[in-house]
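See below for the structure under consideration.
Nothing in this text is a laboratory measurement; each read-out follows from the coordinates by a stated rule. Only a predicted model underlies this, so the values are computations on that prediction, with no experimental measurement involved. Cβ coordinates were reconstructed from backbone atoms using ideal geometry, including for glycine residues, and neighbour counts include every protein chain displayed.
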Amino acid sequence: MSDVKKVSDEFSAGGQPTPETLKQLADQGYKSVVNLRSLDETGALEDEQQHAQAVGLEYVNVPLKPTQANDNLIAKVLRELEELPTPVYS
């Protein structure tokens with residue numbers, strides 16, 4: 001998990017997690033995962049929500065494509081981040 005960047009005590013960011021990475025995140029005390037990829041995007045983990053929930057992580061998917069970002073979508077991401085148990089990985 002060398003690509004995890006801690007932004008604050010409540011939030012870290014990094015690459016696409018694998019099932020093993022999700023387990024490591026849970027073991028390290030993370031409580032939630034926010035996936036900003038669209039589910040059809042190359043490299044997306046199939047059944048990521050099930051993998052995350054299986055290790056006790058809350059999971060939210062808010063597809064955020066840079067070419068389609070708008071104020072409403074950004075506000076939705078921020079709401080999710082405020083409501084999820086921390087720390088959050090995205």
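A few remarks follow.
- Among the residues of the range 12-19, none qualifies, meaning not one is more than 10 Å from the chain's Cα centre (by Cα), assigned to a helix (DSSP H, G or I) and without any contact (Cβ under 8 Å) to a residue 24 or more places away in the chain.
- Against the test of being exposed (fewer than 15 other Cβ atoms within 10 Å of the Cβ), free of Cβ contacts under 8 Å to residues at least 12 places away in the same chain and of a type in the set (Gly, Ala, Ser), the options 38, 8 yield a single qualifying residue, 8.
- Scanning the range 29-85 for residues that are small (Gly, Ala, Ser) and in a loop (DSSP other than H, G, I, E, B) yields 29, 38, 43, 44, 56, 69.
- So residue 45, is it among the hydrophobic types (A, V, I, L, M, F, W, C) and farther than 20 Å from residue 6 by Cα: yes
- Only residues that are hydrophobic (A, V, I, L, M, F, W, C) and in contact with a Pro (Cβ under 8 Å, 6 or more places away or on another chain) were counted across the range 14-51, and they come to 5.
- Against the test of being surrounded by 14 or more Cβ atoms within 10 Å (Cβ to Cβ) and not acidic (Asp, Glu), the options 43, 56, 29, 14 yield a single qualifying residue, 14.
- Residue in the range 2-44 that is nearest to residue 61 (Cα to Cα), counting only those that are touching a strand residue (DSSP E or B) at 6+ places or on another chain (Cβ under 8 Å) and of a type in the set (Ser, Thr, Tyr): 32
- Hey, residue 52 within 20 Å of residue 77 (Cβ to Cβ), touching a Lys or Arg at 6+ places or on another chain (Cβ under 6 Å) and of a type outside the set (Phe, Trp, Tyr) or not: no
- For the range 59-85, the candidate set comprises residues that are touching a residue at least 40 places away in the same chain (Cβ under 8 Å), of a type outside the set (Asp, Glu) and surrounded by 15 or more Cβ atoms within 10 Å (Cβ to Cβ); within that set, the residue that is nearest to residue 6 (Cα to Cα) is 81.
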